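Heads up, the thing below is written out as structure tokens.
What follows is calculated from the coordinates using simple rules that are stated; it is not laboratory data. This is a predicted model, so every value here is computed, not measured. No Cβ is skipped: glycine too gets one built from the backbone with ideal geometry, and neighbour counts run over all protein chains shown.
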Amino acid sequence: MEQKVKLFCCKTMMDEVEAIRPDQMAVEYIEYALHRNPDQLRKELQKRIDDEREAEVLVFVYGLCSRGLDDLKSGSKTLVIPRVHDCISLLLGSRQRYEEEFGADPGTYYLSKGWIDQKGDPYKEYEENKAKYGEENAKWISDETYHHYKRVVFIDTHLPELEAYEEYSQQVAGFLNCGYHKIVGEKVFFEQILAGNWGKDFVVVKPGETSKYQDFL
């Protein structure tokens, strides 16, 4: 008897998943803001694991995410997690490609449609801080946080009507006084996730086991 599979996906990758997800595959989309606190992300994911009553295999459209997916207890289920540090590798199509990009230019801030929709970018953060602390303090926070970035890269993930997102990414680059570049992402990881092709590029946590950050290295 085939096991029932359910996805847990960060909202930053909702559009990429929805573009290819079969209707019969269950999914829950989880707020991006939890990334800012890995302990809170882990707590939320663990609650969803413990509360799940139908699916036997839970697949996470995440990476290790600052160890937010470390120390997840599988209970009676099997957990499947891509063997990557964060979602940039998923959007680019492989961990190797991300490492190549990082090696070529480590001072890169990546944006995608999902990141922009979730307001997960330096300019939106600046606007939030300006409303809280005033323009001068918000600019200081931004300069201190992002001064080491040299370019902004927009990842084109083959979604329709991305022109406005590309233009916005260029504006973010201007705000940070960075260069701008666009690269084309790949669907490979998302296709593997949905097809159940969970080979060496995935961490599989069997029932009764716990995810460990060492498995992602």
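Quick look at the numbers
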{"quantity": "Residues Glu52, Glu28 arranged by fewest to most Cβ contacts within 10 Å", "calculated": "Glu28, Glu52"}
{"quantity": "Net charge, Glu163 excluded, C-beta distance under 12 Å - Lys, Arg +1, Asp, Glu -1", "calculated": "-2"}
{"quantity": "Whole-angstrom Cα spans of the chain along principal axes, big to small", "calculated": "58, 33, 31"}
{"quantity": "DSSP-defined antiparallel bridges as percent of all bridges, the chain, nearest 5", "calculated": "20 percent"}
{"quantity": "Amide H within-cut-off set for Leu7, under 5 Å, with H built and near neighbours excluded", "calculated": "Ala26, Val27, Glu28, Val59"}
{"quantity": "Value in Å of the Kirkwood radius, where segment 95-184 supplies the Cα pairs that are averaged", "calculated": "13.7 Å"}
{"quantity": "About the Cα centre, charge dipole magnitude for segment 104-172 (Lys/Arg +1, Asp/Glu -1 at Cβ), debye", "calculated": "200 debye"}
{"quantity": "Helix runs (DSSP H) in the chain reaching 18 Å along axis by Cα, Kyte-Doolittle at least -1.0", "calculated": "163-176"}
{"quantity": "Packing-based order for 37-46, 131-140, using average beta carbon neighbours within 10 Å, highest first", "calculated": "37-46, 131-140"}
{"quantity": "Listed residue (Gln170, Phe8, Leu79) projecting farthest to the positive dipole end of the chain, Cβ model", "calculated": "Leu79"}
{"quantity": "Segment 39-168 - Rg and Dmax from Cα coordinates, angstrom", "calculated": "17.7, 52"}
{"quantity": "Gap separating the Cα centres of segment 122-137 and segment 1-42, nearest whole Å", "calculated": "30 Å"}
{"quantity": "Packing rank of 85-96, 68-79, where each peptide gets the mean count of other beta carbons within 10 Å, highest leading", "calculated": "85-96, 68-79"}
